[in-house]
Structure formats: C-alpha cells, structure tokens
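A short write-up of the structure that comes next.
Derivation of every value follows stated rules applied to the coordinates shown; laboratory data play no part. Only a predicted model underlies this, so the values are computations on that prediction, with no experimental measurement involved. As a convention, Cβ positions derive from the backbone with ideal geometry for all residues, glycine included, and neighbour counts pool all protein chains shown.
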C-alpha cells in the first residue's frame, strides 16, 4: 500500500503532511469500498476534511487510488470539475502504464519523467481553472 | 526531394493499397505486443547491444517474408535506380504496413545513401526509455533496420541500415540511415545463421 506518486503544489504545507494525508485517505477509501460491493462509480467525492484541507478520492477498476487534496477557500468546488480532474490524472496514469518498461507490480514509486510532467501540467491548469 | 512523376505515382499507389488491400489490426495491440517483446529481450539478454542485434535479426527474418507480400499486393515493378527504391520503400512499403510515410532526406553525393526521418512511429506510442536503456544504447525501433535489410536483399540489393537518432533517446528526430552496399548478382541470397 505504498504511494506510487505524490506531487506537492502548495507553498505552505510540507511534503510529510501529504504522506500522512495519503495514508489516512487510503483507510477512508478502503472503508467506503468494502461497504458497497456494487461499486459502480469511480469518483468517490469528498472523503473527509481536516483543518483547512479537503480530500477527494477516486478509485480505478484496478484498485489504484487517486487522491487530491485541496485547501478550502471561499469558492465552491464543483463535482464536475473534480471528476474532470480525476479523469485527466487517470489518463496520465494509463499512458504511463502502457509504457512497456514500467513495472506494474513494483512497490517503488513511479519514475517516469513524462508522467511527472503531465501531472505538473494538470496541477497548474487546475490552479487556474478551479482557483485552488 | 524531387517531385518527379514517380514519386506521385508511388504515393498514390501506397494510398490505394492501404485503403483497400490490407487487413488492419488495433494499433494499441500492436504497440503493446512489440513493447513487451522488447522488454522481454532486455530481461533475457541484459546487454543492450545484444538486444539491438536481436531486434535487427528478427527484422531481417520479417523483411525477407514481407517483401513477397509487398510485391504481390502493390504490383510494383523493378526500380530503375536506388532513388526509386527509396521512394517505394517510404511511400508504398511503410504506408502499406504501418500507414506512415517517413521522409527521405540527406542523399549522399553518389546517390547510394539516404536518410529516413520518422515523424511518427507506431511502435513507440507511450514508450519511455528507462535510464539504463538510454545509457546502454538501445535503439528501440531497430527491427525496422532488419526489415529493410531483409526485404531489399530478396530483391538483389545489399544494404546496411542503422539508426542515427531517436526521439525516445531525447534527440530531435528519429532518423535511420540506409546505405546501398552493392547489387547482388543472380545468386542464392546470403544465408545468415
């Protein structure tokens, strides 16, 4: 259950905090997923909120969990926007997996430069469109 | 590149053959198959120069057989000179099998050497070379070199083909250099391994 990839876009919070958040999110997701065998929806919505941060989750059919953490501002974050964001991340992940040199079973984190670049772009775009 | 009528003719022929006379398969299936094959070779041999050689050998075997299919479907006649061969390879050959037309450039002064520039390469969708492969000198698409060598040998041309640059390795373009060594006189093709 090691994290495959973590990217920190904020200026205020240190990385370690996000590692902690990632692990707690996984627990919450496991809870949600085990409760309903009829898991039709990939988007899990708001998992939980703490201090000034809100955590959104998304699970793929291959049990890969995507977690997005945003700092809560006055603006409302729409579900549709979040779903679109997760879909983009999912697409980037799929492209990365299609690389024949990528070892899916490994416990190690993702080392691909182009994956990192695409996540970076998604994050920067998200900043401007959602103002997070 | 001259725009002589032969070029246009080959282009039209290539388009026509692609449209009607060939079966098509899913591109991702093809890409993933080739990818897992390369990765398996890397695991088996662990030496990237050896992997390059194996890819070239595999290509050679494919090319020797592919040329028959190519000639049958395209109905192309003998090429009068090497320049025509280049055009046929690019506009009919690659078009027919991969639906790409690499550009022909950098003709040498004696017209015996040219370069193929690949703007797109179906083998390399989604592929990213790990650092060891970059350092080891892996030419991911080396199978193409073998295919050309095998195919052209069956039509009495001995050529040497190798990659000089590859986008996967961080270069600007993917470029293959092909050199005509000699025309083979009527003799049994040189069998290797």
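Worth pointing out:
- The order of the peptides B:13-22, B:57-66 by mean Cβ neighbours within 10 Å, most packed first, is B:57-66, B:13-22.
- In plain terms, if you count all Cα to Cα distances in the protein assembly as shown and split them into 10 Å steps from zero, the share in each step is 5, 21, 24, 18, 14, 11, 6, 1, 0 percent.
- One quarter of the convex hull surface built on the alpha carbon atoms of the stretch B:108-160 amounts to 5.3 nm², the projected area averaged over directions.
- For chain B, radius of gyration divided by Kirkwood radius, i.e. Rg to Rh on alpha-carbons: 0.95
- Helix B:48-74 and the long axis of chain B differ in direction by around 30°, with both axes built from C-alpha atoms.
- This ranking places B:85, A:24 by how few other beta-carbon atoms lie within 10 Å of each, fewest first, which gives A:24, B:85.
- Each of B:100, A:59 was scored by other Cβ atoms within 10 Å of its Cβ. Arranged with the fewest first, they read B:100, A:59.
- Ranking of B:139, B:107 by neighbouring Cβ atoms within 10 Å, starting from the fewest: B:107, B:139.
- Cβ-derived FRET efficiency at R0 35 Å, residue B:30 paired with residue A:5, nearest 0.05: 0.80
- Ellipticity estimate at 222 nm from DSSP helix runs (n ≥ 4, -39,500 (n - 2.57)) divided over chain B, nearest 500: -14500 deg cm²/dmol
- Where the Cα pairs of the stretch B:10-88 fall when distances are cut into 5 Å bins, in %: 3, 12, 15, 18, 18, 15, 11, 8, 2
- With only Cα atoms counted, the stretch A:15-129 has Rg and Dmax values of 14.5, 44 Å.
- Relative to the longest principal axis of the Cα atoms of chain B, the long axis of helix B:27-45 lies at roughly 60 degrees.
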